[in-house]
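Everything on this sheet refers to the single structure shown next.
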Amino acid sequence: MTAPALLPLSGRRLPPLNLGASSFPHHRATLRLSEKFILLLILSAFITLCFGAFFFLPDSSKHKRFDLGLEDVLIPHVDTSKGGKNLGSFLIHGQGHDEHRHREEEERLRNKIRADHEKALEEAKEKLKKSRDEIQAEIQTEKSKVVQELKKKDSKPLPPVPLPNLIGINSGEPADPDIREKRNKIKEMMKHAWDNYRQYGWGHNELKPIARKGHSTNIFGNSQMGATIVDALDTLYIMGLHDEFREGQEWIDKNLDFSVNSEVSVFEVNIRFIGGLLAAYYLSGQEVFKIKAVQLAGKLLPAFSTPTGIPWAMVNLKSGVGRNWGWASAGSSILAEFGTLHMEFVHLSYLTGDPVYYNKVMHIRKLLQKMDRPNGLYPNYLNPRTGRWGQHHTSVGGLGDSFYEYLLKAWLMSDKMDTEARKMYDDAIEAIEKHLIRKSNGGLTFIGEWKNGHLERKMGHLTCFAGGMFALGADGSRDDKAGHYLQLGAEIAHTCHESYDRTTLKLGPEAFKFDGGVEAVAVRQNEKYYILRPEVIETYWYMWRFTHDPKYRQWGWEATQAIDKYCRVSGGFSGVKDVYSSSPAYDDVQQSFFLAETLKYLYLLFSNDDLLPLDNWVFNTEAHPLPVLRLANTTLSGNPAYR
Ligand code: DMJ
């Protein structure tokens, strides 16, 4: 096959297109690209010519203007009041000159057109002489220019807002050498997890520490958005791993792009990415994190376009099309998902001055307030089209958990001004205590699951976070039941510790029963795994902060040692499939929440309380600390988000 010879408009044949032997089209896509490019060039040359002709060929209107101009020049001092004769003679004199100048001008224009014509053809010829690689490089350069322009447009600075009081972001060093040593061990584990992700999974969402390659799950769609980087940033920061933090920041700055054709979980992206970016912004003050968080939030907004304003569980970041999980009852959205947006969205409105985020989450709250609740309980499923509950299934574990957490934290984050949230929390907890919380025969307090009027005596690892929540909500509780809730927190912590202690590995199973003589032990094989989850350690940490009972540090240290012994592999940390087996199989996943939460809570447990004090910081459900917004002392009351 030969390259096409080109016959340009001038009638001269251009030399054959020089693609070089190796760059000759071996497959159709390459050929099409080159051909299209050539055709494009010819077309552009032709258009240039036409434009030239159109603009430079003299037309009658131009003549007129030109004549008038000449008149002005030639008869500068004519006073029309002097009469037509004089004027006429001047005009007659001017006309001969005028025609001459006119011809000169036309000649000049023709020459110019010819020159432009030649120039355009020369340029086209030059382009066509280039190799395919050169042409592709030029296309690439043009593309990058466009991307840079778009980036510049997207990175417009946001309006400045006063930063809340950022206390305790660089402290916490314990005086006790034993505690310091333990804290250093946890930092070393973080470095092991990060370094291996850095080496084998960089840019992927998570790491497969045994296969030593990237990993992802359906919550991130088919995206490669570096979930581990974003989730880990604030942990790196508080541990003083600043080089690693900078590496992460650089990756985010250069690579984190949300215009991907990928269907992601709105909830997961919110708690891990937006929460992670906002925390990194507040801790480090680096604008890039705030800008990325706002860009990403914009991509989640289409998920709220449902008949009720209850968002879809998933949204395609590119098209904005949303839908729900196929497994959810009757096309429902999930309580723990649409109910776990409040903290991040309030911060987004605070930082941008744009009330859109705040309005979305307040709309959800208002809608929930209006609905009937069976036995005062919130079912886990709500249909976003009809606004009706799906199955009457209530849980403080999976599908329900962080909805309750965010009611309490909305109140705390508002400097306790958001009393509506506090009331909803108190009401919900009262119903939960009445219907879901029981004591086992062996005296262990557990939180069961409510399924269509029946209490399932099973508790999930996820549910163990509630111990910390009860303790956190003790202060400010209704009827001054602070002591009661602190005690409830302690009982849940104890039960969850038992679920760890009754295994071979001293790591907790995914779910455990309180039935037929079984207490805090998993029964089903598919509930015996431990996937590096944080909830039990999270509760130890809150209990430690509120009581300083040394048993919480002791329990935390037991968990640290078990994780290091049974989950550590040379390529990072992995979950295990059976905590009752002395030689368990690995699941080969290093979850991003291991770096965001598990290791952070452990580190905080062995730090002084002045590191991220709870009077100033509220942790989102992925352990990303966000500052309390003291409405009275900031411009928030004047901020559109709060109008
Ligand atoms: C985390 O992503 C969050 O804590 C979420 O709220 C529920 N569970 C995982 C970790 O187990």
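The values are calculated or read from the model by the stated rules, or taken from the named source; none is laboratory data. Values in this document were obtained by computation on a predicted structure and should not be read as measured data. We place every Cβ from the backbone using ideal geometry, glycine too, and count neighbours over all the protein chains shown. To get the accessible areas, we keep the full protein, side chains included, count just its heavy atoms, and leave off ligands, DNA and RNA. Shrake-Rupley method; radii C 1.70, N 1.55, O 1.52, S 1.80 Å.
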State all residues of the range 298-317 that are in contact with a Lys or Arg (Cβ under 9 Å, 6 or more places away or on another chain), within 22 Å of residue 352 (Cα to Cα) and assigned to a loop (DSSP other than H, G, I, E, B); if no residue qualifies, say none. 309, 311, 317
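Looking at this structure, is residue 442 open to solvent by 20 Å² or more (accessible area, probe 1.4 Å), touching a residue at least 24 places away in the same chain (Cβ under 8 Å) and either more than 16 Å from the ligand (Cβ to nearest atom) or among the β-branched types (Val, Ile, Thr) (or both)?
On the way: open to solvent by 20 Å² or more (accessible area, probe 1.4 Å): yes; touching a residue at least 24 places away in the same chain (Cβ under 8 Å): yes; either more than 16 Å from the ligand (Cβ to nearest atom) or among the β-branched types (Val, Ile, Thr) (or both): yes.
Yes; evaluated as a whole, the condition is true for this residue.
Would you mind stating whether residue 603 is assigned to a helix (DSSP H, G or I), within 16 Å of the ligand (Cβ to nearest atom) and of a type in the set (Ser, Thr, Tyr)? If you could, list the steps in order and put the result at the bottom.
Details: assigned to a helix (DSSP H, G or I): yes; within 16 Å of the ligand (Cβ to nearest atom): no; of a type in the set (Ser, Thr, Tyr): yes.
Against the criterion (assigned to a helix (DSSP H, G or I), within 16 Å of the ligand (Cβ to nearest atom) and of a type in the set (Ser, Thr, Tyr)), residue 603 does not qualify.
Take residue 557 and decide whether it is assigned to a helix (DSSP H, G or I) and surrounded by fewer than 23 Cβ atoms within 10 Å (Cβ to Cβ). Break it down stepwise before answering.
On the way: assigned to a helix (DSSP H, G or I): yes; surrounded by fewer than 23 Cβ atoms within 10 Å (Cβ to Cβ): yes.
Answer is yes for this residue.
Just to be sure, is residue 310 open to solvent by less than 10 Å² (accessible area, probe 1.4 Å), away from the ligand (no atom under 16 Å from the Cβ), in contact (Cβ under 8 Å) with a residue 40 or more places away in the chain and aliphatic (A, V, I, L, M)? Step through it out loud before you land on a result.
Working: open to solvent by less than 10 Å² (accessible area, probe 1.4 Å): yes; away from the ligand (no atom under 16 Å from the Cβ): yes; in contact (Cβ under 8 Å) with a residue 40 or more places away in the chain: yes; aliphatic (A, V, I, L, M): yes.
It is true that residue 310 is open to solvent by less than 10 Å² (accessible area, probe 1.4 Å), away from the ligand (no atom under 16 Å from the Cβ), in contact (Cβ under 8 Å) with a residue 40 or more places away in the chain and aliphatic (A, V, I, L, M).
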What are the residues in the range 348-384 that are open to solvent by 30 Å² or more (accessible area, probe 1.4 Å) and over 27 Å from residue 273 (Cα atoms), if any? 369, 370, 371, 372, 373, 374, 375
If we ask which residues in the range 197-222 are open to solvent by less than 10 Å² (accessible area, probe 1.4 Å) and under 17 Å from the mean Cα position of the chain (by Cα), their number turns out to be 4
Top-ranked residue of the range 235-272 - restricted to ones that are of a type in the set (Phe, Trp, Tyr) and assigned to a helix (DSSP H, G or I), ranked as nearest to residue 606 (Cα to Cα): 237
Which one of these is small (Gly, Ala, Ser) and under 26 Å from residue 322 (Cα atoms): 240, 221? 221
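Working carefully through the options 490, 522, 559, find the one that is aliphatic (A, V, I, L, M) and under 27 Å from residue 425 (Cα atoms).
Working: 522 fails: under 27 Å from residue 425 (Cα atoms); 559 fails: under 27 Å from residue 425 (Cα atoms).
None of the others qualify; the one that does is 490.
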Scan the strands (runs of 3 or more DSSP E) fully inside the range 410-523 and keep the ones with 3 or more residues being among the aromatic types (Phe, Trp, Tyr) and touching an Asp or Glu at 6+ places or on another chain (Cβ under 9 Å). none
The one condition in (1) away from the ligand (no atom under 16 Å from the Cβ); (2) over 26 Å from residue 181 (Cβ atoms) that residue 592 fails to fulfil: (1)
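Tally the residues that are assigned to a loop (DSSP other than H, G, I, E, B) and away from the ligand (no atom under 16 Å from the Cβ), restricting the search to the range 391-409. Explain how you work it out, then say what you get.
Of the range 391-409, the ones assigned to a loop (DSSP other than H, G, I, E, B) are 391-392, 395-400.
After this cut, where a residue has to be away from the ligand (no atom under 16 Å from the Cβ) as well, the list is 391-392.
Of the residues in the range 391-409, 2 are assigned to a loop (DSSP other than H, G, I, E, B) and away from the ligand (no atom under 16 Å from the Cβ).
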Filter the range 616-627 down to residues that are more than 11 Å from the ligand (Cβ to nearest atom) and either buried (at least 19 other Cβ atoms within 10 Å of the Cβ) or without any contact (Cβ under 8 Å) to a residue 40 or more places away in the chain (or both), then give me how many there are. 5
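One line per residue, one yes/no per condition, for (1) within 16 Å of the ligand (Cβ to nearest atom); (2) modelled with pLDDT of 95 or more; (3) more than 30 Å from residue 453 (Cβ to Cβ):
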{"residue": "322", "(1), (2), (3)": "no, yes, yes"}
{"residue": "337", "(1), (2), (3)": "yes, yes, no"}
{"residue": "347", "(1), (2), (3)": "no, yes, yes"}
{"residue": "356", "(1), (2), (3)": "no, yes, yes"}
{"residue": "365", "(1), (2), (3)": "no, yes, no"}
{"residue": "380", "(1), (2), (3)": "yes, yes, no"}
{"residue": "385", "(1), (2), (3)": "no, yes, no"}
{"residue": "388", "(1), (2), (3)": "no, yes, no"}
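Identify the residue in the range 230-264 that is β-branched (Val, Ile, Thr) and either without any contact (Cβ under 8 Å) to a residue 24 or more places away in the chain or in contact with a Ser or Thr (Cβ under 7 Å, 6 or more places away or on another chain) (or both) and, among all such residues, is most open to solvent (accessible area, probe 1.4 Å). Steps first, please.
Initially, the range 230-264 is screened for residues β-branched (Val, Ile, Thr), giving 230, 235, 238, 252, 260, 264.
With either without any contact (Cβ under 8 Å) to a residue 24 or more places away in the chain or in contact with a Ser or Thr (Cβ under 7 Å, 6 or more places away or on another chain) (or both) added as a condition, the list becomes 260, 264.
Values: 260: 43, 264: 0 Å².
The selected residue is 260.
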What number of residues within the range 521-558 are touching a Cys at 6+ places or on another chain (Cβ under 8 Å) and hydrophobic (A, V, I, L, M, F, W, C)? 2
Does the range 265-277 contain any residue that is under 18 Å from residue 592 (Cα atoms), away from the ligand (no atom under 16 Å from the Cβ), modelled with pLDDT of 95 or more and crowded, with 24+ Cβ neighbours inside 10 Å? no
For the range 463-484, name all the residues that are crowded, with 22+ Cβ neighbours inside 10 Å and not β-branched (Val, Ile, Thr). 464, 465, 466, 467, 468, 469, 470, 471, 472, 473
Which of the numbered conditions does residue 194 fail, given that it passes all the others? Conditions: (1) open to solvent by 30 Å² or more (accessible area, probe 1.4 Å); (2) closer than 18 Å to residue 534 by Cβ. (1)
In the range 564-614, how many residues are open to solvent by less than 20 Å² (accessible area, probe 1.4 Å) and closer than 19 Å to residue 235 by Cβ? 25
Kindly establish whether residue 492 is more than 23 Å from residue 558 (Cα to Cα) and among the hydrophobic types (A, V, I, L, M, F, W, C). no
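Looking at 369, 295, which one is over 29 Å from residue 256 (Cβ atoms) and either assigned to a helix (DSSP H, G or I) or in contact with a strand residue (DSSP E or B) (Cβ under 7 Å, 6 or more places away or on another chain) (or both)?
Working: 295 fails: over 29 Å from residue 256 (Cβ atoms).
After ruling out the rest, the residue left standing is 369.
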Could you count how many residues in the range 423-451 are over 34 Å from the mean Cα position of the chain (by Cα) and not small (Gly, Ala, Ser)? 12
